[in-house]
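A.B. asks: Please see the structure below; I have some questions.
The values are calculated or read from the model by the stated rules, or taken from the named source; none is laboratory data. Model, not experiment: these values are computed from the prediction. Cβ: placed from backbone, ideal geometry, glycine included. Neighbour counts: every protein chain shown. The accessibility values were calculated without ligands, DNA or RNA, using every heavy atom of the protein model including side chains. Shrake-Rupley method; radii C 1.70, N 1.55, O 1.52, S 1.80 Å.
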Amino acid sequence: MIGRLNQAATPEASQAAALVGAGADRPGTSVRAVVWNVLNGGLDGDSAERLFGQAEVLTSLRPDILCLPECFRWEETYHRRLWWMARRLDMEPVAMLRSRLGRKPVQNHTALLYRPSRFRVLGWERRAEEMFHHALIRAVLRPADAVDDRDDVLVLGTHQSWTDGDTRLAEARWMTDFAGEFPGVPPRGLLLGDLNIPDREPESWDLVPKNLHSRYRLVLPDGAFGGVDQRALQVLLSSGWQDPQDLTGVKRAATVGYWYANEPVAWCLDYALVHGLHVRTYYTYDTPRARTLSDHLPVVLDAFWPRQTSASKEAA
């Protein structure tokens, strides 16, 4: 089972973290970012009970930027589920993109949303459309009261392939450019997604069915298996993206391992990486209720950056 590794995994600590993330203790732009794989769009056949529960949890977390992988069937009836969720959270969609591969006719999507009272979207694009198994959304957001581009932030929302480490490594290379100084890109960034990269070696590979080992392990030249395949994560970190748990010194709890045999190990597969940001808190939101709503748990990041421009009511 997944253990709570810090107090912020409790609802009471989440409320405290929200106050800390409000930016009252020093001047700057604060942001709360959340990523949550919602498992088949929060739907079980014709039942949307999990989706309703997910909306309640997200309402309590109150993200400013939200990445939702696995939004199955959210395109139906003019994207009504996407807009329902956005209205429920007082947010707006940046984009929702369909996976390139997957089951048909059911459509899988990755959605990125933002809170318009806090940020404005300057523009977005679909990156590497023919490369990603699922999708990569690239967007530039500006604080609602900023007057120029000096306070902008780059946001990447993604869902990486589940199939193997080689595919994830190739996908990760589409995100390394934005881990530092790059023409036309803000000097700070967020990378939110279900990266499908295990954060640790399991206690025993016997915990994982042998037919699933190729998803998570290095494949040696002779076809035998090596250790856990973290190359995609390592190339991101080597390029300049930072794992907030390394900045805070507090290890986040796992996000999977409690649901069913497909992902039986207590791993963190979901990440919020940063560059150019000051991290306040970073944790896995783990409650009994959250465990009933998806096979993944939400990851929550509170961060800020010092204000570079003066606020302007006209820019809001």
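A.B. asks: Would you tally the residues in segment 222-239 being surrounded by fewer than 17 Cβ atoms within 10 Å (Cβ to Cβ) and in a loop (DSSP other than H, G, I, E, B)?
C.D. replies: Adding up the residues that qualify gives 3.
A.B. asks: If the Cβ limit is 7 Å and pairs must be 6+ apart or interchain, which residue in segment 80-103 that is within 23 Å of residue 144 (Cα to Cα) pairs with which residue that is open to solvent by 90 Å² or more (accessible area, probe 1.4 Å)?
C.D. replies: Listed by first residue and then by second, the contacts come to 94/124; 95/124.
A.B. asks: Something else now. Would you point out the residue of segment 104-119, among those that are over 26 Å from residue 39 (Cβ atoms) and either touching a residue at least 40 places away in the same chain (Cβ under 8 Å) or in contact with a Phe, Trp or Tyr (Cβ under 8 Å, 6 or more places away or on another chain) (or both), that is surrounded by the fewest Cβ atoms within 10 Å (Cβ to Cβ)?
C.D. replies: Applying the filter and picking the extreme gives 118.
A.B. asks: Still on this model: For segment 244-252, check the following and say yes or no: at least one residue is out of contact with any strand residue (DSSP E or B) (no Cβ under 8 Å at 6 or more places or on another chain), within 25 Å of residue 170 (Cβ to Cβ) and open to solvent by 50 Å² or more (accessible area, probe 1.4 Å).
C.D. replies: Yes; the residues of segment 244-252 include at least one that is out of contact with any strand residue (DSSP E or B) (no Cβ under 8 Å at 6 or more places or on another chain), within 25 Å of residue 170 (Cβ to Cβ) and open to solvent by 50 Å² or more (accessible area, probe 1.4 Å).
A.B. asks: Just a yes or no: is a residue in segment 192-202 free of Cβ contacts under 8 Å to residues at least 40 places away in the same chain and surrounded by fewer than 16 Cβ atoms within 10 Å (Cβ to Cβ)?
C.D. replies: The answer is yes; a qualifying residue exists.
A.B. asks: A further question follows. Among the residues of segment 128-138, is there at least one that is at pLDDT 95 or above and open to solvent by 10 Å² or more (accessible area, probe 1.4 Å)?
C.D. replies: Taking every residue of segment 128-138 in turn, at least one turns out to be at pLDDT 95 or above and open to solvent by 10 Å² or more (accessible area, probe 1.4 Å).
A.B. asks: I want to confirm something. Restricting to segment 265-303 and keeping residues that are in a loop (DSSP other than H, G, I, E, B) and aromatic (Phe, Trp, Tyr), which single residue is modelled with the lowest pLDDT?
C.D. replies: Looking at residues that are in a loop (DSSP other than H, G, I, E, B) and aromatic (Phe, Trp, Tyr), I get 267.
A.B. asks: Which ranges mark the strands (runs of 3 or more DSSP E) fully within segment 95-206 that have 2 or more residues being more than 29 Å from residue 228 (Cα to Cα)?
C.D. replies: 109-114, 119-126, 135-143, 153-159
A.B. asks: Let me ask something else. What is the residue count in segment 70-94 for residues that are part of a strand (DSSP E or B) and either of a type in the set (Ser, Thr, Tyr) or open to solvent by less than 60 Å² (accessible area, probe 1.4 Å) (or both)?
C.D. replies: Counting residues in segment 70-94 that are part of a strand (DSSP E or B) and either of a type in the set (Ser, Thr, Tyr) or open to solvent by less than 60 Å² (accessible area, probe 1.4 Å) (or both) gives 2.
A.B. asks: Oh, and also: Could you say which residue among 280, 252 is closer than 30 Å to residue 43 by Cβ, charged (D, E, K, R) and either in contact (Cβ under 8 Å) with a residue 24 or more places away in the chain or in contact with a helix residue (DSSP H, G or I) (Cβ under 8 Å, 6 or more places away or on another chain) (or both)?
C.D. replies: Result of the check over 280, 252: 252.
A.B. asks: Would you point out which residue out of 271, 216, 260 is surrounded by fewer than 16 Cβ atoms within 10 Å (Cβ to Cβ) and closer than 24 Å to residue 39 by Cα?
C.D. replies: 260
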